[in-house]
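Enquirer: Take a look at the following structure, please.
Every number here is computed from the coordinates shown, using simple stated rules; none is lab data. Quantities reported herein were computed from a predicted structural model and do not represent experimental measurements. Ideal geometry is used to build each Cβ from the backbone, glycine not excepted, and the neighbour counts take in all protein chains shown.
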Amino acid sequence: MSGERGRGAVLYTLAALILMVGVGWWWRAAPRQSGDERLISWRYKAEQLLPDVGDQELANTLALEGGVGHDEVVEVEQGDFLISVVCAGEDGSRVRVSLGIGDSGRGVRCSGSRTPEIISVGLFDELHMRVAVESPGPVVFRYALQRSNG
């Protein structure tokens, strides 16, 4: 009988050890919240400048590192659209937004007094937007897509 107790104690000890290792792994693997308070503030500012509205097809807010580009590709139904874009970041920061091949892009300021830039475009089956951060960054970029009424 003491042999069974010994085996039971070993099994319970191993189960507890596996549980502790699993909890430790889970704790270390959990995504960390961004420590940069500026990004939280800039996200709030971008969402104030370009809030969600009822008739928009979609909207997205992206935190982008400086000197990098990001391709946003979204499937849409064919039609005429208005794409509104806004950026928030350090003084003097900018992004360049281009839509498709051959489009050199439009510069968007990320600081100071600004309003959303609105781009009118016809789309067939997808929105392909390239956002390039032209400053050291980081910046917060937000866009909204809605059907054109015209």
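Enquirer: Could you give the distance between the Cα centres of the range 2-81 and the range 86-150, to the whole Å?
Expert: When both Cα centres are located, 25 Å separates them.
Enquirer: By how many degrees, 0 to 90 and rounded to 10, does the Cα axis of helix 2-29 deviate from the longest principal axis of the chain?
Expert: Orientation of helix 2-29: about 20 degrees from the principal axis.
Enquirer: Then there's this: Computed from these coordinates, which is mean projected area of the Cα convex hull in nm²: (1) 9.3; (2) 10.8; (3) 14.4?
Expert: So the calculated entry is the one marked (3).
Enquirer: Short version: ³J(HN,Hα) in whole Hz for each residue of the range 70-85, in order, from phi by Karplus 6.51 cos²θ - 1.76 cosθ + 1.60 (θ = phi - 60°), x for Gly and Pro, what are they?
Expert: Using θ = phi - 60°, the values come out as 9, 9, 10, 10, 9, 6, 9, 7, 4, x, 9, 10, 10, 10, 9, 10 Hz.
Enquirer: For the range 1-83, which trypsin sites (Lys or Arg not before Pro) are both in a DSSP coil and crowded by at most 13 other Cβ atoms within 10 Å?
Expert: Details: sites: 5, 7, 28, 32, 38, 43, 45; in loops: 32.
In loop regions of the range 1-83 (DSSP not H, G, I, E or B), the sparsely surrounded trypsin sites (Lys or Arg not before Pro) are 32.
Enquirer: Skipping prolines and chain starts, which residues have an amide H placed within reach, meaning under 5 Å, of the one on residue 114, given they are 5 or more residues away or on another chain?
Expert: none
Enquirer: Enumerate by residue number the GluC sites (Glu not before Pro) in the range 47-81 meeting two conditions: DSSP loop (anything except H, G, I, E, B), and at most 14 other Cβ atoms within 10 Å of the site's Cβ.
Expert: Working: sites: 47, 57, 65, 72, 75, 77; in loops: 65, 77.
The qualifying sites are 65, 77.
Enquirer: Hey, another quick one. Contact order normalised by length for the chain, with contacts defined as Cα pairs under 8 Å and 6 or more residues apart; what percent is it?
Expert: Numbers: 282 pairs, mean separation 49.6, N = 150.
So the answer I get is 33 percent.
Enquirer: Okay, moving on. So if R0 is 35 Å, what FRET efficiency would residue 27 and residue 78 give, r being the distance between their Cβ atoms, rounded to the nearest 0.05? Kindly include the intermediate steps, with their values, before the conclusion.
Expert: Values: r = 48 Å, r/R0 = 1.37.
Computed FRET efficiency for residue 27 and residue 78 comes out at 0.15.
Enquirer: Return the sequence-ordered ³J(HN,Hα) values of the range 93-107 in whole Hz as given by the Karplus equation 6.51 cos²θ - 1.76 cosθ + 1.60 applied to θ = phi - 60°, using x for Gly and Pro.
Expert: Going residue by residue, I get 6, 8, 10, 10, 10, 10, 10, x, 6, x, 8, 6, x, 10, x Hz, with x marking Gly and Pro.
Enquirer: Which residues' amide hydrogens lie under 5 Å from the amide hydrogen of residue 135, considering only partners 5 or more residues apart or on another chain, with H built in the peptide plane?
Expert: 67, 94
Enquirer: Using θ = phi - 60° and the Karplus form 6.51 cos²θ - 1.76 cosθ + 1.60, what ³J(HN,Hα) does each residue of the range 126-134 get, whole Hz, x for Gly and Pro?
Expert: 7, 9, 10, 10, 9, 10, 10, 7, 8
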